[in-house]
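Asker: I have a structure here, written as structure tokens, and I will follow up with some questions on it.
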Amino acid sequence: MPGLGGRMSTVVKSKISRMLDRAEDPSETLDYGYQKQVEMLQNVKKGIADVVTAKKRLQMQSSKIEQQVVKLDTQARQALSQNRDDLARMALERKTLAQTELQTLDSQIKELEGQQEQLTTNEQKLRQKIEQFRTKKEVIKAQYSAAEAQVRIGEAASGVGEEMADLGLAMQRAEDKTESMRARASAVEELEAAGTFDDITQLGGGQDDIERQLQELTSGTQVDDELQKMKAELGTGSEPDSPALEQGEGTPKEGSA
Amino acid sequence: MIVRVSGEGQFRLPDEDSDRINELDNRAVAAVEQGDETGFRELWSQMLEIVANDGNALDDDELVESDVILPPRDISFEEAQGEFTGEGLIPD
């Protein structure tokens, strides 16, 4: 029976029967089973901690990039008010890239939050089941003959075992997801290190590799649109080209800031 | 019958639902085999709906095995291709 119910319950059952076979005496089996359950609970706690760590890292990256977005926007406006379209464009290209990255980060943070919540709820549920098992095991130990105890242990252990197996599966999925996000977080850190999201004042001549890559990466239209919008806001859009500021002219243009 | 939705817990459903779930499961297996993700999603949400409408959550102190274990609600189509295979949920 390779179906849905099949695969998982087979795994669970084989684990439980191995557990039950280990000891001759039912009360020994019970104690051993309980001990295994408590160990599993510890693993769950560790799994949840991993998810929280991954989430914190993404949140830190997100707030860093958010600051860059604000800074780049300001710089684009400054560049425009000095009639430096080229610098403004560069700042906006970086801003676009940073915003895209922000969106991805935010959706990943939400996803991890959901996972953390689910794991926490399930951990509490498992804790209660294990507590229930502990109570039952004392009753079984005290009241039943060895043969009958064996049957009842099997029933109780299967119930808890399934719960554990299911939580194990949830943890595995959470780990897989955290792992891919961790890889992504490292990639973003590399981008940061390469100066991709840096503000434009940190650029040397401004004609470097990064600039070229950025032009390839960002779609021109969004940047063009935003450039036009900013120009309109600043009231510089319709002005004829005037000499750039750093050439020493410095003539203030009418109406501009 | 007892149904577990992976990650969400166990539910007690009337035995009559067994046939309905099994039928939906068979169709889901077929959809997965044909690579029909939209069809699979539709069937999968119908299965979850049966559990939501007819199921009563088991108390946390009940220690019982499930008759059927459904995969996690947010199962990806890739994962489904590993789970929805062969005879289906309720073996003969």
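The values are calculated or read from the model by the stated rules, or taken from the named source; none is laboratory data. Note that this is a predicted model, so its numbers are computed, not measured. Neighbour counts run over all protein chains shown; Cβ positions are idealised from the backbone, glycine included. Accessible surface areas use protein heavy atoms only, side chains included; no ligands, DNA or RNA. Shrake-Rupley method; radii C 1.70, N 1.55, O 1.52, S 1.80 Å.
Asker: B:GLN81 fails exactly one of the following numbered conditions: (1) more than 13 Å from every other protein chain (Cβ to nearest Cβ); (2) surrounded by fewer than 18 Cβ atoms within 10 Å (Cβ to Cβ); (3) not aliphatic (A, V, I, L, M). What is the number of that condition?
Answerer: (1)
Asker: Kindly establish whether A:LEU112 is hydrophobic (A, V, I, L, M, F, W, C) and more than 23 Å from A:LYS231 (Cβ to Cβ).
Answerer: Details: hydrophobic (A, V, I, L, M, F, W, C): yes; more than 23 Å from A:LYS231 (Cβ to Cβ): yes.
For A:LEU112, the condition - hydrophobic (A, V, I, L, M, F, W, C) and more than 23 Å from A:LYS231 (Cβ to Cβ) - is met.
Asker: Right, here's the next one. Kindly list, by first and then second residue, each pair from a residue in the range B:54-65 that is closer than 12 Å to A:GLY159 by Cα and facing chain A (nearest Cβ under 9 Å) to a residue that is of a type in the set (Val, Ile, Thr) and not in a loop (DSSP other than H, G, I, E, B), limited to pairs with Cβ atoms under 7 Å and residues at least 6 apart or on different chains.
Answerer: Hits for this filter: B:LEU63/A:VAL160; B:VAL64/B:ILE2.
Asker: Could you tell me which residue of the range A:20-33 is modelled with the lowest pLDDT, considering only residues that are surrounded by fewer than 18 Cβ atoms within 10 Å (Cβ to Cβ) and assigned to a helix (DSSP H, G or I)? Don't jump to the end; show me each part of the working.
Answerer: Taking the range A:20-33 and keeping what is surrounded by fewer than 18 Cβ atoms within 10 Å (Cβ to Cβ), we get A:21-25, A:27-28, A:31-32.
Next, from what is left, pick out any that are assigned to a helix (DSSP H, G or I): A:21, A:27-28, A:31-32.
Details: A:ASP21: 58, A:SER27: 70, A:GLU28: 71, A:ASP31: 78, A:TYR32: 73.
Among them, the one singled out is A:ASP21.
Asker: Every residue in the range B:38-76 that is more than 11 Å from B:ALA28 (Cβ to Cβ) and in a helix (DSSP H, G or I), please.
Answerer: First, the residues of the range B:38-76 that are more than 11 Å from B:ALA28 (Cβ to Cβ): B:38, B:48-69, B:72-74, B:76.
Selection gives B:THR38, B:LEU48, B:GLU49, B:ILE50, B:VAL51, B:ALA52, B:ASN53, B:ASP54.
Asker: Please go through the range A:129-156 and give me each residue that is at the interface with chain B (Cβ under 8 Å from one of its Cβ atoms) and either polar (S, T, N, Q) or open to solvent by less than 70 Å² (accessible area, probe 1.4 Å) (or both), ordered by number.
Answerer: Residues satisfying the conditions are A:LYS129, A:GLN132, A:PHE133, A:ALA156.
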